[in-house]
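Asks: First the structure, which I've put down as structure tokens, then a few questions once you've had a look.
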Amino acid sequence: MAAAVRRLDKQATLTQPVVLRGRVGAAFALYLPRLVGAFIVVWGASSLAFLVLHIVPGDPVDIMLGVQSQVSEGVRQNIREELGLTQPVLLQYVGYLGKLVTGEFGMSYRLQKPVIDVIGEQIMPTLQLAGLSIVFAVVLALGISLAARGRVARAVASLVELIAISSPTFWTGLLLLTVFSFQLHWFPISGGQGLNALVLPALTLALPIAGILSQVLRHGLEGTETQPFVDSSRARGLSFSQLLARHTLRHAALPAVTLAAYIVGSLLGGAVIIEQLFGRPGIGRVTLEAINNRDIPIVMAIVIFAALVFVVVNLIVDAVAPLLDPRLRGAR
Amino acid sequence: MTSHHRKGGVLAILAGAALILAGCSTAGAGPATDNPVEGGTITVAIDGDPSSQFDIHVTAADISALVLRNVFDSLVVQDTDGSIQPWLAESWEVSDDGLEYTFQLKEDVTFSDGEPFNADAVKANFDHIADPETASQYAAALLGGDAYAGTEAVDADTVKVSFTRPFAPFLQGASTAYLGFYSPKVLEESPDKLIAGGPGITVGTGPFILESVVAGQDITLTKNPDYNWGPANATHSGAAHPDELVYRILPENAVRAGALTSGEVDVASNVSPNDVPALEVDGTVSVTGTGTPGLPYSIFLNHSKGVFQDKLVRQAFQQGIDIGSAVTAVYGGEYDRAWSVLGPTTPNAYDPTVEGSWEYDEDLANQLLDDAGWTERDTDDYRTKDGVRLSAEWPSYSAPREDRKSLIDAFQADLKKIGFELNPNPLDGGAYIESLYGGTYDIADWSFVRPEGDILRLHLYSGFAPVQNASFVNDPELDDLLVTASESTDPDERKKIYSEVQHWAIEDAAIVPIYVPSHIIGVSSTIGGVRADITGWPLLYDAWTSRQP
């Protein structure tokens, strides 16, 4: 999943908008190529996923049924026919695209439910998890990068970041659970017990992201603070916090914002592990099960969903970057 | 069949530390009273997610049967000694030719949607299972597969199940949740919604009613206040004690154990043997394990290709691995070394005379390989014959769990000593299934829980290759024996045949049994009355909680 997702990200950045001049339809001219690019990314991702799912070894029905089931070959064949798996792959592909155009994602093989319903039911827990993780990550990263002043503090921050980035999510999660849930009883393991149950999973997911963000922010700040304009601003009488708010943090934030796609990838990939560990519902868990059971309609829908998320995130980054850095506005 | 235990080692250590520390804290209320308490909620941690596998007539998943046992009743119940006792059927008769089973049903039994349970309901359910449209993965086999002839409602409370040939394992199958009963109204009105399940769909006659399902998180059941038709071996009659049962899905072993000691759940199902020592130290939790009946965790040696076509090589493999030491080292005494292709708790079938009959013997293994002509050695000190190395491939579904990996490592080291190369080969799901169906592996491995000797037919009968008969055993005499046992109505004859087959399996080295898995249950001291059924699964009908709201 994560690998596929990263590949998509590259594709998304390759389709940079063509620069068009002229006032008439400027906005349209700006966004049409992006939308076309977005469409190509989503179509490419879904086609690639379709191809991969059909060339990897193993019969989907055999995989779905598993080793311990006792199902006659006749019944297996019936299932294959019902799912349309006996048709030529090209025909399946065309039929699949046709349905996509009409917004129909089909039925999950295994769950016997419309794919839209499956994803619809599971998306909120993942969005909540991802949302709180982002908040935690940004707060932690800002905290660390602003607090780490001076040589010793920087060395400590650097070490903390390295640990946060390189600890496996699974391990971090279990450690947090052990301390804060099993021993101190501060937080429940998870489940539908409200915000309290979301803290540990979100923190686990946030730590590696916070590590990366903090690294980038810190390097940005350190780099910016040696720039001559900082001295002249200070000479104009700007306080440190004013300088930070108006200039240096803005400079430092730009590389951090361009990491957004990477962060989204971490969130989607991390959700698989977090949801399993904490016994949470969500898209990550659905993805894992769908892949294990070769539930093709679900996997396809999730690939399209992931591609859409990346496209949207990149569009947002493109829109936000000029706000942070006026120099980029000239490109229009 | 689960495969999400990659980090088991780290987990075990962490969990151990966590549990010892957690032992200092106190959990919840005082200990359970000896007398049942009405009301409250019992929370059970389970290791799998049954959602989307709710149709008990379709699914083969253990976890579905474990949870839905509370919702669906069966005609009969199998007690822990293997005896079949009344449940929804008051009594039954088997015709002399073994072709007809006539059940006298209890009166005044109703489904939780108000529909009556009667002979028509039994017929509707069994016909639903046998219908090819249902695509049943397990229940249809328990109902005899193509031996099932049909069900007839003799009168309102008498039902006759017929077979085209005798099918002796039927009563045991009829005791499982897989042959439980849906409200006929649901079968009629929403047959396409059974797999997804849910309140109003997953409707049975059981002591609990499905209240809500949050996929991947929990399943809530509420007490059926009208319930008055419990199984004969229950310790009480009438409605269940707690108002509510909540099953929490916690796939990670360490998390289930931690949730139990911290009081977040009351019962933990399928506790890992690694977590047992820490739970025992805890003091607020009791731990019980029941060896599972059926096929123990076993290694299948593929007769159809490669080195294992030669019986001498199979025997050398069997004698050349130190199973006892490996099982003790990996499971710390929680699981017993298996001696037979049936677990000791398999009723009316296990033959204890197999025990001790095939100890680890490196010299004998070497001798067998010499006799088989594998006398040359290559530069890596592996045996060769005609320039080909003595080597066996053992594919697995993704990376094996930590415990299984330790076993593989131990066997690999043992086999190296006799010049036999063992090649573990983790594959992705699709490639693994393809390898199984194509019979391209040398070694396959799994266990299969079922308290019935007929499980041997599934794994040794020629017609079940590929896949379940993973050794590709093809012996007409053995086939005859297995079919005779499945058709015999004489328990002594069946036991005699299964004894013979168990000795045959060891002599032929078709399946090498490794360990007897145990379903370990952890129960908080605030809970009373939890029983384990014959497969070791927790039964909650008789349970109560002293932790009241």
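Asks: Which residue, of B:506, B:534, is closer than 24 Å to residue B:306 by Cβ, in contact (Cβ under 8 Å) with a residue 40 or more places away in the chain, open to solvent by 10 Å² or more (accessible area, probe 1.4 Å) and more than 14 Å from chain A (Cβ to nearest Cβ)? Before the answer, list the steps.
Replies: Details: B:534 fails: closer than 24 Å to residue B:306 by Cβ.
Only one candidate passes the filter, namely B:506.
Asks: Sticking with this one: I need every pair where a residue in segment B:482-494 that is farther than 14 Å from residue B:144 by Cα has its Cβ under 9 Å from the Cβ of a residue that is polar (S, T, N, Q) and part of a helix (DSSP H, G or I), sequence separation at least 6 or different chains.
Replies: From residues that are farther than 14 Å from residue B:144 by Cα, the pairs are B:493/B:484; B:494/B:484; B:494/B:486.
Asks: Here's a follow-up. Could you identify the single residue in A:158, A:181, A:133, A:145 that is polar (S, T, N, Q) and within 11 Å of chain B (Cβ to nearest Cβ)? Give the steps one after another, and end with the answer.
Replies: Numbers: A:158 fails: within 11 Å of chain B (Cβ to nearest Cβ); A:133 fails: within 11 Å of chain B (Cβ to nearest Cβ); A:145 fails: within 11 Å of chain B (Cβ to nearest Cβ).
After ruling out the rest, the residue left standing is A:181.
Asks: Would you mind telling me which numbered condition in (1) within 14 Å of chain B (Cβ to nearest Cβ); (2) in contact with a Phe, Trp or Tyr (Cβ under 8 Å, 6 or more places away or on another chain); (3) at pLDDT 80 or above residue A:124 fails?
Replies: Every listed condition holds for residue A:124 apart from (2).
Asks: Still on this structure: May I ask you to say which residue of B:484, B:440, B:489 is part of a loop (DSSP other than H, G, I, E, B), surrounded by fewer than 19 Cβ atoms within 10 Å (Cβ to Cβ) and more than 14 Å from chain A (Cβ to nearest Cβ)?
Replies: Result: B:489 is the single residue among B:484, B:440, B:489 that is part of a loop (DSSP other than H, G, I, E, B), surrounded by fewer than 19 Cβ atoms within 10 Å (Cβ to Cβ) and more than 14 Å from chain A (Cβ to nearest Cβ).
Asks: Just for helices (runs of 4 or more DSSP H) wholly inside segment B:136-225: which have at least 1 residues that are crowded, with 24+ Cβ neighbours inside 10 Å?
Replies: Because the criterion is at least 1 residues that are crowded, with 24+ Cβ neighbours inside 10 Å, the helices (runs of 4 or more DSSP H) in segment B:136-225 that meet it are B:139-142, B:170-174.
Asks: Right, residue B:233: assigned to a helix (DSSP H, G or I) and more than 13 Å from chain A (Cβ to nearest Cβ) or not?
Replies: When the stated conditions are applied, residue B:233 does not pass them.
Asks: Among the residues in segment A:157-164, are any hydrophobic (A, V, I, L, M, F, W, C), farther than 26 Å from residue B:43 by Cα, without any contact (Cβ under 8 Å) to a residue 12 or more places away in the chain and not in a loop (DSSP other than H, G, I, E, B)?
Replies: yes
Asks: Right, here's the next one. Based on this model, can you work out whether residue A:230 counts as within 18 Å of residue A:139 (Cα to Cα) and out of contact with any Cys (no Cβ under 8 Å at 6 or more places or on another chain)? Please lay out each step first, then the result.
Replies: On the way: within 18 Å of residue A:139 (Cα to Cα): no; out of contact with any Cys (no Cβ under 8 Å at 6 or more places or on another chain): yes.
No, not satisfied.
Asks: If you don't mind, another one. On the given criteria, is residue A:77 open to solvent by less than 60 Å² (accessible area, probe 1.4 Å) and either among the acidic types (Asp, Glu) or not in a loop (DSSP other than H, G, I, E, B) (or both)? Show your work before the answer.
Replies: On the way: open to solvent by less than 60 Å² (accessible area, probe 1.4 Å): no; either among the acidic types (Asp, Glu) or not in a loop (DSSP other than H, G, I, E, B) (or both): yes.
So residue A:77 fails the test.
Asks: Let me ask something additional. Quick one: which residue in A:238, A:244, A:254 is in a loop (DSSP other than H, G, I, E, B), more than 30 Å from residue A:125 (Cβ to Cβ) and not polar (S, T, N, Q)?
Replies: A:238
Per-residue answers, yes or no, for (1) free of Cβ contacts under 8 Å to residues at least 12 places away in the same chain; (2) open to solvent by less than 10 Å² (accessible area, probe 1.4 Å); (3) touching a helix residue (DSSP H, G or I) at 6+ places or on another chain (Cβ under 9 Å); (4) within 14 Å of chain B (Cβ to nearest Cβ):
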{"residue": "A:247", "(1), (2), (3), (4)": "no, no, yes, no"}
{"residue": "A:258", "(1), (2), (3), (4)": "no, no, yes, no"}
{"residue": "A:272", "(1), (2), (3), (4)": "no, no, yes, yes"}
{"residue": "A:279", "(1), (2), (3), (4)": "no, yes, yes, yes"}
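Residues are listed down the side, and each one gets a yes or a no for (1) open to solvent by 30 Å² or more (accessible area, probe 1.4 Å); (2) at the interface with another protein chain (Cβ under 10 Å from one of its Cβ atoms); (3) at pLDDT below 90:
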position	(1), (2), (3)
B:22	no, yes, yes
B:30	yes, no, yes
B:39	no, no, no
B:45	no, yes, no
B:51	no, yes, yes
B:63	no, no, no
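Asks: Within segment B:289-343, can you find the residues that are part of a loop (DSSP other than H, G, I, E, B), in contact (Cβ under 8 Å) with a residue 60 or more places away in the chain and out of contact with any strand residue (DSSP E or B) (no Cβ under 8 Å at 6 or more places or on another chain)? Don't jump to the end; show me each part of the working.
Replies: Of the residues in segment B:289-343, the ones part of a loop (DSSP other than H, G, I, E, B) are B:292-293, B:302-305, B:310, B:321-322, B:332-335, B:338-343.
With in contact (Cβ under 8 Å) with a residue 60 or more places away in the chain added as a condition, the list becomes B:292-293, B:302-305, B:310, B:321-322, B:334-335, B:338-343.
If the condition is that a residue be part of a loop (DSSP other than H, G, I, E, B), in contact (Cβ under 8 Å) with a residue 60 or more places away in the chain and out of contact with any strand residue (DSSP E or B) (no Cβ under 8 Å at 6 or more places or on another chain), then B:303, B:304, B:305, B:310, B:322 are the ones that fit.
The values are calculated or read from the model by the stated rules, or taken from the named source; none is laboratory data. On a predicted model such as this, the values are computed, not experimentally measured, just so you know. Virtual Cβ from ideal backbone geometry, glycine too; neighbours counted across all protein chains shown. Heads up: the accessible areas ignore ligands, DNA and RNA and are worked out on the full protein's heavy atoms, side chains in. Shrake-Rupley method; radii C 1.70, N 1.55, O 1.52, S 1.80 Å.
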